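Written out below as C-alpha cells is the structure these notes cover.
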Amino acid sequence: MTQLREIYYCEKCGNVVEILNEGAPALVCCGVPMVKLEAKTEDASIEKHVPFVEEVEGGVLVKVGQNQEHPMLENHYIKFIEVLRKDKVCRLELKPDDKPEGFFPVKKEEIIEVREWCNLHGLWKS
Ligand SMILES: [Fe+2]
C-alpha cells in the first residue's frame, strides 16, 4: 500500500507524484513501476540540498543551501519545497532563476518535516 504524502518518481519520463489518498501497492508509469523516493538528510557534496529552516516574523523561511544557494539553472534546479504539518502540506513550486527559498506562514513548532526535490539529485528533508 502507498502511504499518505509519499512521493514516487518515474525513471523513464520524470513524472513525480505525491500520494493524497492511500491505495494500490504499486504505481505504474510508462509501463514500469514508479520508484518511491526516500528523502536524504545528509549532504556531503559542495552543493547543499538539505532544507534550512529559519524562524521569521509570521512563519518560517526555508532555504535550500544554508550558506550557499543551490543552483537554479534550466537543467538543474529545485522544483518544489514542501513544509509538512500534521494536517496541512504547504508547497512552493519553483522554476529556473527563482531563488531557492520560500516563506511559509507556518509556526516552526508545528512543522513535522520540510523537504525539497532537486530535479537531478532527488528528495531531501530536514
Ligand atoms: Fe541538486
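Computed from the coordinates by the stated procedures, all read-outs in this text should not be read as laboratory data. Here the structure is a predicted model, which means the values were calculated and not measured. Ideal geometry is used to build each Cβ from the backbone, glycine not excepted, and the neighbour counts take in all protein chains shown.
Treat every Asp and Glu Cβ in the chain as -1 and every Lys and Arg Cβ as +1, leave all other atoms uncharged, and give the resulting dipole magnitude about the Cα centre to the nearest 20 debye.
Working: 17 positive and 23 negative charges, 57 e Å.
The calculated dipole for the chain is roughly 280 debye.
Averaging Cα coordinates gives a centre for region 96-126 and one for region 69-92; these two points are 4 Å apart. About its Cα centre, the dipole of region 12-66 is roughly 360 debye, where the only charges are +1 on Lys and Arg Cβ and -1 on Asp and Glu Cβ.
Positive-end ranking of 37, 124, 102 along the dipole of the chain, with charges on Cβ about the Cα centre, is headed by 37.
Among the listed pairs 48/88; 36/99; 63/95; 12/86; 48/86, which are separated by more than 23 Å between their Cα atoms? 48/88; 36/99; 12/86; 48/86, as the Cα separations exceed 23 Å there.
For every other residue with a beta carbon closer than 13 angstrom to the beta carbon of residue 56, add +1 if it is Lys or Arg and -1 if Asp or Glu, then tell me the sum.
On the way: positive: 63, 107, 108; negative: 54, 55, 57, 101.
My count for the surroundings of residue 56 gives -1.
Under 1.5 on a/c is rounded, so check that first for region 51-125, then, if it is not, pick prolate when a/b is larger than b/c and oblate when it is not; a ≥ b ≥ c are the square roots of the alpha carbon gyration tensor eigenvalues. Prolate.
In order along region 3-9, phi translates into HN-Hα couplings of 10, 3, 6, 5, 10, 10, 10 Hz, rounded to whole numbers, per the Karplus curve 6.51 cos²θ - 1.76 cosθ + 1.60 with θ = phi - 60° and x for Gly and Pro.
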